[in-house]
Amino acid sequence: MTVIRVLIADDEPLMRAGIKAILGTADDIELVAEAGDGREAVRIALERRVDVAVLDIRMPRMDGLAAARELKSVAPTVRVVVLTTFGEDDNIVRALSDGAAGFLLKDSAPEELLRAVRAVHGGEAYLSPMVTSRVVGMVAHAGQPRRQEAKRQVEGLTEREVEVLALLGLGMSNADVGQRLHMSEATVKTYVSRLLAKLGLTNRVQAALLARDAGLAG
């Protein structure tokens, strides 16, 4: 059994204790370190083998969004889940742009945190249902220039790459995409990696948003 090594960063000790208790209910997740601010979280991630970092947004010295951006640069293998009480659209956009693969609100159910950690560790993206509805709403109101730019970006993709991207836009996992397109999960992962590189994107969430902007995901 693969054990996912997790770092949590939050400046509130009580909140860290709550997150620690939730993670402690899972046999496949190990809490390896705690941090009280983003700068400390980045330092720990560089010193210890960390698979997933769960970061609060509002922290002293370096907030969670800045820490996510720093981790993307200095420790790109560390997957980031942003956990916050603040669900404003600008935070969602910044988190996704800064490389976070998951975004949860602190009033989410405890099992959502476990699902998010497992999903991002497996190379998937995870947004809480409330966040997903906000993201879809933002895409629905995307301006014409943004839609045109998205269509231009996907013009150079192969037919199969377009099919994969469209299914990512529907929120499908690698397994779901493989089943739909009769491909192995390993092959799907290869296509996703190639898509991200071709399109200059950081994660699957950004790919899904691009697919929706381009009109591929309905």
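Of 72/106; 72/198; 72/189; 106/198, which pairs sit farther than 27 Å apart, going by alpha carbon to alpha carbon?
Distance filter (> 27 Å) returns 106/198.
Using only Cα atoms and rounding to the nearest 10 degrees, what angle (0 to 90) does helix 38-47 make with the longest principal axis of the chain?
For helix 38-47, the angle is close to 90 degrees.
Would you mind checking which residues have amide H under 5 Å from residue 5's amide H? H placed 1.01 Å from N; only 5 or more apart, or other chain.
Those qualifying (amide H under 5 Å, at least 5 residues apart or on another chain) are 30, 51, 52.
Pairwise over distinct Cα atoms, reciprocal of the mean inverse distance: report the Kirkwood radius of the range 142-213 in Å, one decimal place.
12.1 Å
Could you state the angle between the C-alpha long axis of helix 64-74 and the longest principal axis of the C-alpha atoms of the chain, as a value from 0 to 90 degrees rounded to the nearest 10?
70 degrees
Under the Karplus relation 6.51 cos²θ - 1.76 cosθ + 1.60, θ = phi - 60°, what is the ordered set of whole-Hz ³J(HN,Hα) values for the range 196-202, x standing for Gly and Pro?
Once θ is set to phi - 60°, the couplings for the range 196-202 become 4, 5, 5, 8, x, 9, 9 Hz.
The numbers here are math on the coordinates, done by the rules we state, and not lab data. Please read all numbers here as calculations on a predicted model, not as lab measurements.
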